[in-house]
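Student: First, the structure itself, so that you have it in front of you.
The values are calculated or read from the model by the stated rules, or taken from the named source; none is laboratory data. What you see is a predicted model, and the numbers here were worked out from it, not measured in a lab. Don't worry about glycine lacking a Cβ; one is built from the backbone with ideal geometry, like all the others, and counts go over all protein chains shown.
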Ligand SMILES: C[S@@+](CC[C@H](N)C(=O)[O-])C[C@H]1O[C@@H](n2cnc3c(N)ncnc32)[C@H](O)[C@@H]1O
């Protein structure tokens, strides 16, 4: 789902960028390490701050990134132009990633999968495009947060099949990941972790 105007304002501002850089990136690095010289994918890249972090903080050589919202992709293009051919951007859907199996060393999810109605398909797509041993870095918003009054009143999210942190991790394991390190934050509102693609990914239609 594309963000409503309130959430877009919450995402496209310097405070969100600072939280992503100074808190989320450091926590994800502690959980999963860096991806020095690697080829990475960011799903739901928004205006491109996450992609910048994957290049400059995590050390990826190249990042592919996409978002469902053409306006976000246009913003990301402007932000990331200085990286030249180290970045490739497009408008797309996390449930149908246009990449070969085992294409990436790492995939990053900065809070997008809770916006996808068919989120289990997105998880399977992430598993499919990661190489065996590749890492999936995730920061997700749980049902615990989405059930809060402020989220329901001001933001738009899929109303069905929301997940807790443990349910998200269970789904990753069903899709072929090992999830040795994950943690919840803010009374269970957020789940962070680094999952390892341990075996052949399950078919998205299984
Ligand atoms: C909460 S925002 C997070 C944006 C950015 N990752 C950040 O951390 O600032 C969620 C983003 O996911 C995008 N999105 C929602 N559904 C999507 C889908 N099915 N495929 C790809 N992107 C999606 C939205 O357009 C939005 O930019």
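Student: Exactly one condition in (1) loosely packed, with under 15 Cβ neighbours inside 10 Å; (2) part of a helix (DSSP H, G or I); (3) modelled with pLDDT under 95 is not met by residue 158; state its number.
Tutor: Only one criterion is unmet by residue 158, namely (2).
Student: For region 38-70, enumerate the residues that are touching a helix residue (DSSP H, G or I) at 6+ places or on another chain (Cβ under 8 Å) and in a helix (DSSP H, G or I).
Tutor: Within region 38-70, 49, 50, 51, 52, 53, 55 qualify.
Student: Got at least one residue in region 10-18 being closer than 21 Å to residue 141 by Cβ, within 9 Å of the ligand (Cβ to nearest atom) and buried (at least 23 other Cβ atoms within 10 Å of the Cβ)?
Tutor: no
Student: Is it the case that some residue within region 63-80 is away from the ligand (no atom under 13 Å from the Cβ) and more than 25 Å from residue 10 (Cα to Cα)?
Tutor: no
Student: Now a separate question. Looking at region 124-136 only, could you name the residues that are within 12 Å of the ligand (Cβ to nearest atom) and in contact with a helix residue (DSSP H, G or I) (Cβ under 9 Å, 6 or more places away or on another chain)?
Tutor: 126
Student: Taking the options 153, 181, name whichever one is part of a strand (DSSP E or B), at pLDDT below 95 and either more than 15 Å from the ligand (Cβ to nearest atom) or closer than 23 Å to residue 26 by Cα (or both).
Tutor: So the residue among 153, 181 that is part of a strand (DSSP E or B), at pLDDT below 95 and either more than 15 Å from the ligand (Cβ to nearest atom) or closer than 23 Å to residue 26 by Cα (or both) is 181.
Student: Return the pairs, sorted by first residue and then second, in which the second residue is part of a loop (DSSP other than H, G, I, E, B) and near the ligand (Cβ under 10 Å from one of its atoms), the first residue lies in region 35-55 and is over 19 Å from residue 99 (Cβ atoms) and touching a residue at least 24 places away in the same chain (Cβ under 8 Å), the beta carbons are less than 9 Å apart, and the residues are 6+ apart or on different chains.
Tutor: What qualifies is 46/3; 46/12; 46/69; 46/111; 46/112; 47/12.
Student: Here are 100, 121: which of them is over 13 Å from the mean Cα position of the chain (by Cα), under 22 Å from residue 160 (Cβ atoms), surrounded by fewer than 22 Cβ atoms within 10 Å (Cβ to Cβ) and modelled with pLDDT of 95 or more?
Tutor: It is 121.
Student: Continuing with this model, one more query. Name the single residue that is surrounded by the fewest Cβ atoms within 10 Å (Cβ to Cβ) among those in region 81-97 being under 23 Å from residue 174 (Cβ atoms) and more than 8 Å from the ligand (Cβ to nearest atom). Walk me through how you get there before you give the answer.
Tutor: Pass one, region 81-97, residues under 23 Å from residue 174 (Cβ atoms): 93-97.
Cutting the leftovers down to more than 8 Å from the ligand (Cβ to nearest atom) gives us 96-97.
Working: 96: 11, 97: 20.
Per the stated criteria, the residue is 96.
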